[in-house]
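Peer 1: Structure in structure tokens, see below.
None of the figures in this text is laboratory data; all of them are computed from the coordinates on show. No experiment lies behind these values; they were computed from the predicted model shown. Here the Cβ is made from the backbone with ideal geometry for all residues, glycine too, and neighbour counts use every protein chain on show.
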Amino acid sequence: MYLVLFGPPGAGKGTQAKRLEAAYHLVQLSTGDMLRAEVASGSTLGIKVKDIMKAGELVPDALIVDMISGRIDAADAKAGFILDGFPRTIPQARALDAMLEGKGLKLNRVIELRADDEAMVERITGRFSCVSCGANYHEKFNPTKVAGVCDACGGARFDRRADDTAETVRARLQAYHDQTAPLISYFEKKGNLLSIDGMAAIDDVTRQLREVLD
Ligand code: AP5
């Protein structure tokens, strides 16, 4: 199965992609995670994109397309993948179409998680993750079961993303409306877009997704 999870910053793409990955034996391909790994490693790409990401702007299409095309070819993506955060512009969507066509593959579904801007600011500024295993939490909506201890690995150190400030979230939302939301009609025309209520509780969103995919 080849899926795209699509929606504004904070809509729950990463949270739901992790759950679908486990349920359907797919691999999550998050361009945001890949870029953060490049920044952390200090690679040439990481140096180029660090300030762009911190400002909440989109990284140039050519860099993203290069990065993701190699990743889609990796052995662990052969059985199926969930694209999380890609494509994000019309040129990226066209590049994805060309990439898949070249491999004889077709997207099964593009799923939009609909969400309100104001709620996204609260979601993103309350997000934190485990330094050891990367598990994602929220202070109010998805806290650890035991305060200060990661449910997944028992780690006790947590981190926040450099772009998770209220100011940057607003810039990211603006970039979403200006450059990414036009993809809704792009995918509608192709006939494979489904829209899910991303404002529901985390488990309810998972339930809606599983109903659509089963
Ligand atoms: P990226 O990492 O893709 O960030 P984003 O799209 O802004 O999305 P987020 O990861 O912030 O949110 P999410 O939807 O995954 O929400 P999550 O599940 O974590 O991109 C970062 C940057 O990289 C971009 O700004 C850009 O610079 C660059 N970039 C990446 N891809 C690019 C591309 N293709 N082209 C160009 N540039 C690119 O949930 C958020 C919080 O809410 C969590 O704490 C979670 O626990 C909680 N939560 C989740 N669901 C719910 C719910 N239903 N109810 C209550 N709380 C919830």
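Peer 1: I'd like the full set of residues that are touching a residue at least 24 places away in the same chain (Cβ under 8 Å), within 14 Å of the ligand (Cβ to nearest atom), not in a strand (DSSP E or B) and not aliphatic (A, V, I, L, M), limited to region 75-121.
Peer 2: The answer is Gly85, Phe86, Pro87, Arg88, Thr89, Pro91, Gln92, Asp116, Asp117.
Peer 1: Name the single residue that is nearest to the chain's Cα centre (by Cα) among those in region 122-145 being of a type in the set (A, V, I, L, M, F, W, C) and within 8 Å of the ligand (Cβ to nearest atom).
Peer 2: The residue in question is Ile124.
Peer 1: State yes or no: is Val4 under 21 Å from Arg94 (Cβ atoms), more than 7 Å from the ligand (Cβ to nearest atom) and in contact with a helix residue (DSSP H, G or I) (Cβ under 9 Å, 6 or more places away or on another chain)?
Peer 2: It is true that Val4 is under 21 Å from Arg94 (Cβ atoms), more than 7 Å from the ligand (Cβ to nearest atom) and in contact with a helix residue (DSSP H, G or I) (Cβ under 9 Å, 6 or more places away or on another chain).
Peer 1: Return the total of residues in region 202-214 being near the ligand (Cβ under 8 Å from one of its atoms) and touching a residue at least 24 places away in the same chain (Cβ under 8 Å).
Peer 2: So the count comes out to 2.
Peer 1: Look at Leu183 and say whether it is away from the ligand (no atom under 12 Å from the Cβ) and surrounded by 13 or more Cβ atoms within 10 Å (Cβ to Cβ).
Peer 2: no
Peer 1: Cβ-Cβ distance below 6 Å, separation of 6 or more or different chains: which pairs start in region 137-162 with a residue that is closer than 22 Å to Arg36 by Cα and assigned to a loop (DSSP other than H, G, I, E, B) and end on one that is within 14 Å of the ligand (Cβ to nearest atom) and aliphatic (A, V, I, L, M)?
Peer 2: Going by the 6 Å Cβ cut-off, the qualifying pairs are Cys150/Ala135; Ala152/Ala135.
Peer 1: For region 182-199, which residues satisfy the criterion of being within 18 Å of the chain's Cα centre (by Cα) and either part of a helix (DSSP H, G or I) or without any contact (Cβ under 8 Å) to a residue 40 or more places away in the chain (or both)?
Peer 2: Leu183, Ile184, Phe187
Peer 1: Is it the case that region 24-32 has a residue that's of a type outside the set (A, V, I, L, M, F, W, C), out of contact with any Gly (no Cβ under 8 Å at 6 or more places or on another chain) and not in a strand (DSSP E or B)?
Peer 2: Scanning region 24-32 turns up no residue that is of a type outside the set (A, V, I, L, M, F, W, C), out of contact with any Gly (no Cβ under 8 Å at 6 or more places or on another chain) and not in a strand (DSSP E or B).
Peer 1: Here are some conditions: (1) touching a Ser or Thr at 6+ places or on another chain (Cβ under 9 Å); (2) part of a helix (DSSP H, G or I); (3) of a type in the set (Val, Ile, Thr). Val49 meets all but one. Which one does it not meet?
Peer 2: Single failed check for Val49: (1).
Peer 1: State which residue is farthest from Ala55 (Cα to Cα) when the search covers only region 21-38 and only residues that are more than 8 Å from the ligand (Cβ to nearest atom) and touching a Phe, Trp or Tyr at 6+ places or on another chain (Cβ under 8 Å).
Peer 2: Within region 21-38, the match that is farthest from Ala55 (Cα to Cα) is Leu26.
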